[in-house]
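The values are calculated or read from the model by the stated rules, or taken from the named source; none is laboratory data. Here the structure is a predicted model, which is why all the values come from computation and not from measurement. Neighbour counts are summed over all protein chains in view; Cβ atoms, including those assigned to glycine, are modelled from backbone coordinates with ideal geometry.
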Amino acid sequence: MMIDSHCHLHDPTFADLAETLRTAMTHDVWGVVAVGCDAETNARTMKAAAAAPKAVWACLGFHPDWTRLTDDDLDRVEAQISAHHSRIVGVGEIGLRRSLGAARRHIAGQFLLESTALGLVGGVMGAAIGTLVVVAVAATRTWTPVLEPWVPLGAPLIGGFVGLLAGAYPSARAASLEPVEALRSAMG
């Protein structure tokens, strides 16, 4: 089972939502986080989420690379977020968070928290898989499984530390952007 964490269901390629979701299911994709890029695509994303609430979760956004977007467009997106906040799972752009008043430390904290959490999850999964492999091999050979206690306990901590280190530069970079720069410029 997989979840597509960033899908633009508003694209004309996916005009037939039911068929798109059926095709996704054949590839073991059970749900999508559908992301909008402006007020119009956000509305189409919300419509898709309403049509398939167990398979489509809406994330509203304001795409920083779409230079045709105006301040009025940003106001419309902010109004959509306020009106639909209980039915969305996320906001698609860091620039939007900054424009809505998030402080630099909040942006940096979000990046660091997410990267550390990913590292912890990776460490837990790695320790669990490693432990299962050791136990399975020992069971097939009728051996007594032997694990150092620090391995299943230390792996998540090491993973979290690696995630924290990996998120340090991106968090500093994202936090240093001015709201207008974050909304208007390509970050890559």
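Being surrounded by 20 or more Cβ atoms within 10 Å (Cβ to Cβ) and hydroxyl-bearing (Ser, Thr, Tyr) is the filter here, so list the residues in region 21-55 that pass it.
If the condition is that a residue be surrounded by 20 or more Cβ atoms within 10 Å (Cβ to Cβ) and hydroxyl-bearing (Ser, Thr, Tyr), then Thr41, Thr45 are the ones that fit.
Tell me which residues, restricted to region 9-44, are under 21 Å from Ala79 (Cβ atoms), within 16 Å of the chain's Cα centre (by Cα) and not hydrophobic (A, V, I, L, M, F, W, C).
Scanning region 9-44 gives a single hit, Gly36.
Can Ser99 be described as modelled with pLDDT of 85 or more and of a type in the set (Ser, Thr, Tyr)?
The answer is no for Ser99.
Could you say whether any residue in region 119-138 is among the hydroxyl-bearing types (Ser, Thr, Tyr) and either surrounded by fewer than 14 Cβ atoms within 10 Å (Cβ to Cβ) or in contact with a Leu (Cβ under 6 Å, 6 or more places away or on another chain) (or both)?
No; the residues of region 119-138 include none that is among the hydroxyl-bearing types (Ser, Thr, Tyr) and either surrounded by fewer than 14 Cβ atoms within 10 Å (Cβ to Cβ) or in contact with a Leu (Cβ under 6 Å, 6 or more places away or on another chain) (or both).
Go through (1) in contact (Cβ under 8 Å) with a residue 24 or more places away in the chain; (2) in contact with a Leu (Cβ under 9 Å, 6 or more places away or on another chain) and name the single condition Glu78 misses.
The failed condition is (1).
Tell me yes or no: at least one residue of region 2-21 is under 24 Å from Ala175 (Cβ atoms) and of a type in the set (A, V, I, L, M).
Among the residues of region 2-21, not one is under 24 Å from Ala175 (Cβ atoms) and of a type in the set (A, V, I, L, M), which makes the answer no.
Check Lys47, Lys54 and return the single one that is under 22 Å from the mean Cα position of the chain (by Cα), farther than 27 Å from Gly101 by Cβ, of a type outside the set (Gly, Ala, Ser) and not in a loop (DSSP other than H, G, I, E, B).
Within the list Lys47, Lys54, the selection yields Lys47.
Return the residues of region 57-77 that are surrounded by 14 or more Cβ atoms within 10 Å (Cβ to Cβ) and within 20 Å of the chain's Cα centre (by Cα); say none if nothing qualifies.
Listed by number, the residues that qualify are Trp57, Ala58, Cys59, Leu60, Gly61, Phe62, His63, Pro64, Val77.
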